[in-house]
Amino acid sequence: MRAFIVVGSRTTADDQFSLDNLPASSGRLDILLRCIRAALLTSHGLRTNTLLYLVLSAGPSAPRVLRIRGDTAVFLRPDERSLAVVVRKLLGSDCDRDCEGFVDAKPGMALARGGLATALADRSGTRLYMLDEHGSDIRAQSDLPNIDVTFVLGDHRGLSPEARAELAAASPLQIGPVAVHADDAVAIVHNELDRRSAENHENM
Ligand SMILES: C[S@@+](CC[C@H](N)C(=O)[O-])C[C@H]1O[C@@H](n2cnc3c(N)ncnc32)[C@H](O)[C@@H]1O
């Protein structure tokens, strides 16, 4: 699987936010919801080869990680409000309280108590990249894997020094010369990998 881990620096891990004032009431959950669309939805379906982790860092239940699997998730729609409703229901679940690791809350959707380290542990053994404006150009990476690969990115505040310290083993990767929004960064990485796998199929 391809995986993306998005670190929400101040995003709530609880269900106490307003659908009518999402950015201010949720610590910018809207950014992470757009990453759900970019990571898991194509024009007419789901990316069954992709996993998304949202690291939620604020509120009484934090830190907490929401994991969504493209191969088994249901009821994912592209609009932000529908996604907010799904995530609010999930965060209202107590299924992960006092549990180790990820606990299924709905088909394809699981919760875990823990932060970035918990998401990284779930992806151990995969090639790890940190999306960073100052990293190596993605287009110069001839050996970028299509599967068993994990990309970590920040929200509007970028990755904190603490998150960067946890990512010491990750290779910094630049996706282009301009800093873009997190969901656009996810879409660009997908596009790079999609192009490469299409080329590989053509050459077979
Ligand atoms: C809106 S950007 C964050 C901008 C923030 N001011 C910063 O200094 O990091 C969100 C995330 O997308 C990723 N990103 C955005 N543009 C990128 C680029 N050109 N190359 C690599 N990663 C990028 C980074 O992981 C970044 O943390």
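The values are calculated or read from the model by the stated rules, or taken from the named source; none is laboratory data. Note that the structure is predicted; figures quoted are calculated from it, not measured. Cβ: placed from backbone, ideal geometry, glycine included. Neighbour counts: every protein chain shown. When the accessible area is computed, the model is the full protein with side chains, heavy atoms only, and any ligands, DNA or RNA have been set aside. Shrake-Rupley method; radii C 1.70, N 1.55, O 1.52, S 1.80 Å.
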message: Quick check on my filter: what residues within the range 122-141 are loosely packed, with under 13 Cβ neighbours inside 10 Å and either in a strand (DSSP E or B) or under 17 Å from the mean Cα position of the chain (by Cα) (or both)?
response: Ser124, His134, Asp137
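Take the conditions closer than 20 Å to Ser26 by Cα, within 16 Å of the ligand (Cβ to nearest atom) and within 17 Å of the chain's Cα centre (by Cα) and apply them to Ala58. Does it pass?
Answer is no for this residue.
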query: Just to be sure, is Thr11 of a type in the set (Ser, Thr, Tyr) and under 21 Å from Cys95 (Cβ atoms)?
result: yes
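Take residues that are in contact (Cβ under 8 Å) with a residue 24 or more places away in the chain, closer than 19 Å to Asp155 by Cα and open to solvent by 40 Å² or more (accessible area, probe 1.4 Å) and tell me which of the helices (runs of 4 or more DSSP H) falling wholly in the range 1-116 contain 1 or more. Reasoning before the result, please.
Values: elements: 22-26, 29-40, 80-91.
Counting at least 1 such residues, we get 29-40, 80-91.
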- request: Select, from Pro145, Pro172, the only residue that is more than 16 Å from the chain's Cα centre (by Cα), more than 12 Å from the ligand (Cβ to nearest atom) and open to solvent by less than 60 Å² (accessible area, probe 1.4 Å).
  value: Pro145
- prompt: Taking interchain pairs and intrachain pairs at least six residues apart, which have beta carbon atoms under 6 angstrom, with the first residue in the range 166-178 and hydroxyl-bearing (Ser, Thr, Tyr) and the second surrounded by 14 or more Cβ atoms within 10 Å (Cβ to Cβ)?
  reply: Ser171/Tyr129
